[in-house]
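Before any comments, here is the structure.
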Amino acid sequence: MEEIGILTGGGDCPGLNPVIRAVVKRAHLEGWKVLGLRNGWKGMIEDEFLILDARSVSGILPKGGTILGTSRTNPYKKAGDVEKVKSNFSKHNLKALIAIGGEDTLGVAQKLYQEGLHVVGIPKTIDNDLSATDYTFGFDTAVNIAMECIDRLHTTAESHNRVMVVEIMGRHAGWIALEAGLAGGADLILIPEVPVDIAWVCDVIKRRHARGKTFSIVAVAEGTTLKDGDEVAERKFDAFGHERLGGIGQVIGELIEKKTGYETRVTVLGHIQRGGSPTAFDRVLGTRFGVKAVELVKEGKFGFMVSLKGRQIVSVPLADAVKQLKLVDKELYDLAKIFFG
Ligand code: F6P
């Protein structure tokens, strides 16, 4: 029986289980066995896996997280790990490996493909910052969670006449903050793509309050920086050299309170945005991605990633997906600015 592997790498995200389920069901139609590697690339290095049969994917469609586990393990970091990946690939005689991940996991997939392994990618990240696809699954769920939190912050902000700063995930790109802020009616949205002029922020808030408003909601993406210096408090790095962010909301909140005199509170949404059940959009997108990935394996289209273009699921070279990050475009941010203040 032919065998394919599947792994989930990087931060988890709602929609991973629908993808796994779809891959298994579609692969079974071909009569292929599916090996689920545990904890991302770590499973490929250490040969930790489980066999994904019909029973193991039953009931997982609405579940958040990933039944395979995930990690930010980078096989190109420690000497000898890539060789272990290759030898385990051969040991199981894998027809192909389907790697589900963001820029880091797919970056590894692309390198392994260049080194001769049969790899297909599926784009995943709540940040929605992967090029070559209109949307990644997980993003819609994260936006809806953040929007609901902004709705909730409105009522308490209004009752107490406060400025509420809400820190939202988004390492390099402000997609979640932007869309949740737009959908939730935030009075200011601050994103990594546009370094923040704190004097302008305070001015917008003061003008709003001068108009008779007694509260403000400021949505801040965690990767946001201040124009006059790097103010992110925490500095820790993962195996891919990415900084673990956090603290910009607090910095901005304190500056707003100091410079405007308005009482300010800060809420960090953190991993709440990545937890729980995926939205219908993410379940359907994940399902379509999973099916298409198996079809790429069938066609022998290795080194490709499935992608959403408009309403179609297509395939694009992995190289295009990892070339550069998809940042928020100026046009959309300018649109959001119409609603500031
Ligand atoms: O890349 C997705 C993401 O959720 C980012 O928005 C965030 O900066 C990061 O992962 C958090 O990573 P971790 O789960 O390792 O704390």
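Relative contact order for segment 141-274 using alpha-carbon pairs under 8 Å, separation at least 6, rounded to a whole percent? Before the final figure, lay out each step's value.
On the way: 265 pairs, mean separation 44.7, N = 134.
Here the relative contact order equals 33 percent.
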Highest-first arrangement of 219-225, 255-261, where packing means the average Cβ count within 10 Å: 219-225, 255-261
Using a Cα distance threshold of under 24 Å, what count of lysine pairs results for segment 141-274 when pairs must be 8 or more residues apart or interchain? 8
Calculated FRET efficiency, residue 50 and residue 183, Cβ-Cβ r, R0 45 Å, to nearest 0.05? 0.75
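Rounded to the nearest 500, what is the 222 nm mean residue ellipticity of the chain from helices alone, with -39500 (n - 2.57) per DSSP H run of 4+ residues and division by all residues? Kindly include the intermediate steps, with their values, before the conclusion.
Values: 11 runs with 135 residues, N = 341.
The per-residue figure over the chain is -12500 deg cm²/dmol.
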Please compute the contact order of the chain in relative form: average sequence separation of alpha-carbon pairs under 8 Å and at least six residues apart, divided by the residue count, as a percent. 23
For the chain, give the magnitude of the charge dipole about the Cα centre (Cβ charges: +1 Lys/Arg, -1 Asp/Glu; no others), in debye to the nearest 20. 600
Kindly state, to the nearest 0.05, the FRET efficiency for residue 114 paired with residue 311, given R0 = 35 Å and r defined as their beta-carbon distance. 0.65
On a C-alpha basis, how far is the centre of segment 111-148 from the centre of segment 269-291 in Å? Whole number, if you could? 11
Karplus-derived 3J(HN,Hα), 6.51/-1.76/1.60, for each residue of segment 138-147, Hz, glycine and proline x: x, 5, 4, 4, 4, 4, 5, 5, 4, 4
So how exposed is residue 29, as accessible area in Å² (1.4 Å probe, rounded to 10)? 140
For a quick check of your reading of the filter: which GluC sites (Glu not before Pro) in segment 258-341 sit in a DSSP loop and have no more than 14 other Cβ atoms within 10 Å? 263
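Evaluate E = 1/(1 + (r/R0)^6) for residue 158 and residue 93, where r is the Cβ-Cβ distance and R0 equals 56 Å; express this FRET efficiency to the nearest 0.05. Walk me through the intermediate numbers first.
Numbers: r = 63 Å, r/R0 = 1.12.
So the FRET efficiency works out to roughly 0.35.
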Could you tell me which of the pairs 25/124; 84/292; 91/323; 42/95; 298/326; 25/95 are separated by over 26 angstrom between their Cα atoms in the structure shown? 84/292; 91/323; 298/326
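Quickly rank 207-216, 63-72, 264-273 as a protection proxy: mean count of other C-beta atoms within 10 Å, highest first.
Numbers: 207-216: 14.5, 63-72: 20.0, 264-273: 17.4.
Listed from highest to lowest mean packing, they are 63-72, 264-273, 207-216.
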Hey, rough spin-label estimate for residue 263 and residue 203, points 7 angstrom out along Cα→Cβ, what's it come to in nanometres? 2.9
With no solvent and one equal point scatterer placed on each C-alpha of segment 219-341, evaluate the Debye formula and give log10 I(q)/I(0) for q = 0.12, 0.20, 0.21 Å⁻¹, two decimals. -0.76, -1.29, -1.31
How much length is gained if the chain between residue 131 and residue 79 is pulled fully straight, taking 0.36 nm per residue apart and subtracting their Cα-Cα distance, in nm to one decimal? 15.8 nm
Give me the distance in nm between label points sitting 7 Å out from Cα along the Cα-to-Cβ direction at residue 151 and residue 30, one decimal. 4.2
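Which whole-number value in Å³ per residue fits the convex hull of the alpha carbons of segment 141-274?
Numbers: hull volume 12.9 nm³, N = 134.
Taking the convex hull of the Cα positions in segment 141-274, it is 96 Å³ per residue.
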Just to be sure I understand the model, the point goes 7 Å from the Cα along the line to the Cβ. What's the resulting residue 239 to residue 331 distance in nm? 3.9
Whole-number Å³ per residue for the convex hull built on Cα positions in the chain: 122
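The values are calculated or read from the model by the stated rules, or taken from the named source; none is laboratory data. Given the structure is predicted, the values throughout are model-derived calculations rather than measurements. FYI the Cβ positions are ideal-geometry reconstructions off the backbone, even for glycines, and counts take in every protein chain you see. Calculation scope for accessible area: heavy atoms of the full protein, side chains included, ligands and nucleic acids excluded. Shrake-Rupley method; radii C 1.70, N 1.55, O 1.52, S 1.80 Å.
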